[in-house]
Amino acid sequence: MRDGQRFPFIQKFDEFGVSYWVPYLPLMLTYQGRSLEVLALLDTGSTVNVLPYEIGLELGVVWEEQTLSIPLAGNLARLEARGLLISSTIGRFPPVNFAFAWTRANDVPVILGYLNFFSEFDVCFYGSQLAFEVCPKQSRSN
């Protein structure tokens, strides 16, 4: 991948101690001058980016000031979420504003989905190598 940056999958363990490997991306979130480094799960099946409640609080976000309600689907459909725009930096790439569905739940990871992570970045998964590569979308000049 041209100008891509490669990242390893991260080993996680379920409640039974069984290990599995997942594509977690180191991500620097910045909101109104506060920054926080997190690991975000790349989820090709997720329509939106999702931010757990505690991460938003650590960034200084006030729930009551976020007025845009975002409906979630799938196993997150029961959760209330509000829209939030956060500057996000991946590796050596320039910052990009990501739109997050900030949910009141803390038992979910930071999730990067189609809107708008996969619409801003190209990703190539190398499952047998337990790695993935990320590259900002290429501008279409033709």
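Could you pull the Rg and Dmax for the chain, using just the Cα atoms, both in Å?
Here Rg and the maximum Cα pair distance are 15.4, 52 Å.
Report, in deg cm²/dmol and to the nearest 500, the calculated mean residue ellipticity at 222 nm for the chain, where each DSSP H run with n ≥ 4 adds -39500 (n - 2.57) and the sum is divided by the residue count.
Working: 2 runs with 10 residues, N = 142.
Per the formula, -1500 deg cm²/dmol.
At what distance in nm do the modelled label points of residue 39 and residue 80 sit from each other, each positioned 7 Å from its Cα along Cα→Cβ?
3.1 nm
Amide H neighbours of residue 105 under 5 Å, at least 5 residues apart or on other chains, H built in the peptide plane: list them.
Here 53 satisfy the definition.
Read-outs: derived from the displayed coordinates by stated rules, not from any lab. All values derive from a computational prediction rather than experimental measurement. Every residue, glycine among them, receives a Cβ derived from its backbone with ideal geometry; neighbour counts consider all protein chains shown.
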